[in-house]
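Participant: Below you'll find the structure I mean.
The values are calculated or read from the model by the stated rules, or taken from the named source; none is laboratory data. Everything quoted here is computed from the prediction, not taken from an experiment. Note that each Cβ is placed from the backbone with ideal geometry, even for glycine, and that neighbours are counted across all protein chains shown. Ligands, DNA and RNA are excluded from the accessible area calculation, which covers all protein heavy atoms including side chains. Shrake-Rupley method; radii C 1.70, N 1.55, O 1.52, S 1.80 Å.
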Amino acid sequence: MNAAGPGRFIGVAFVAIVAVAIVALLAGYGIPVGVGALAGFILGALAGLLGSLWLIRGMGRSLTFGGMSWSSSDEQGQLAPQEMTDMREMSELLQVDLGPIRSIVPVLETSNAGGYEVQLVTAEMREGGLLMILEVRSKPGSLPAGFWADVTVHDDAGSTYRASGQNIGSGPSPTRYLVTIAPTPPAAARRLEVVVERFMDPFPGGGRIAMGPWAFTVELPARDIAAR
């Protein structure tokens, strides 16, 4: 007898018990009850078999049956590795303490693209960077922009910046975003070019992206170079 002997015996015994039960139902309650019990047994056995095959396959499993296929590794609604890295960096930047406020620059500049009106309201100059407030209005009947704002920043001094924006929990329209920019501009910089490339919803199954760009110019206040 091979190693599968005990398992095979249990399977045969189970089938025999079910068969006896069905015969008893046929004898006691008639053909309809017996046929119903047989159908239930067949469906239950198929469901158990499919479930067992699915679990045995482990992560990344797939199953093909009767020309149909199911897969647990379906990538629909999932982020690509590079997108996951970008989201992590954006989230980390939003948690950075930029220090005390040095000055506040009112901007009130508006840009329209992709059916969304985006206004850059203010720019807070802080010791370690900038915080900016965006107000976004969608056209009537449109969904709100996504949770994250993909932002790029340049200045007239050739500096390099990191920037990230996030919905700060306002109503559906207008929606407000807090944009974090680091580091603080050098004293030689006189103008910032801020571009919101897109708004996006990174959560699985979301897939909502509002494409821009929405561009703004921020005139920086004069600062004492020697003091820096």
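Participant: Only residues in segment 115-131 that are buried (at least 19 other Cβ atoms within 10 Å of the Cβ) count as the first member; pair them with residues that are in a strand (DSSP E or B) and small (Gly, Ala, Ser), Cβ under 6 angstrom, at least 6 apart or cross-chain, and list the lot.
Facilitator: Tyr116/Ser138; Tyr116/Ala210; Val118/Ser111; Met125/Ser103; Gly129/Ala182; Leu130/Ala123
Participant: If you take the residues in segment 155-202 that are among the hydrophobic types (A, V, I, L, M, F, W, C) and in a loop (DSSP other than H, G, I, E, B), which one is modelled with the lowest pLDDT?
Facilitator: Ile168
Participant: So Gly158 fits all but one of (1) in contact (Cβ under 8 Å) with a residue 24 or more places away in the chain; (2) farther than 13 Å from Val194 by Cβ; what number is the exception?
Facilitator: It is condition (1) that Gly158 fails.
Participant: Quick check on segment 132-151: of everything there that is over 14 Å from Phe199 (Cβ atoms) and in contact (Cβ under 8 Å) with a residue 40 or more places away in the chain, which residue is least open to solvent (accessible area, probe 1.4 Å)?
Facilitator: My answer is Met132.
Participant: Oh, and also: From the list Val107, Val121, Val136, pick out the single residue that is in a strand (DSSP E or B), within 25 Å of the chain's Cα centre (by Cα) and not basic (Lys, Arg).
Facilitator: Val136
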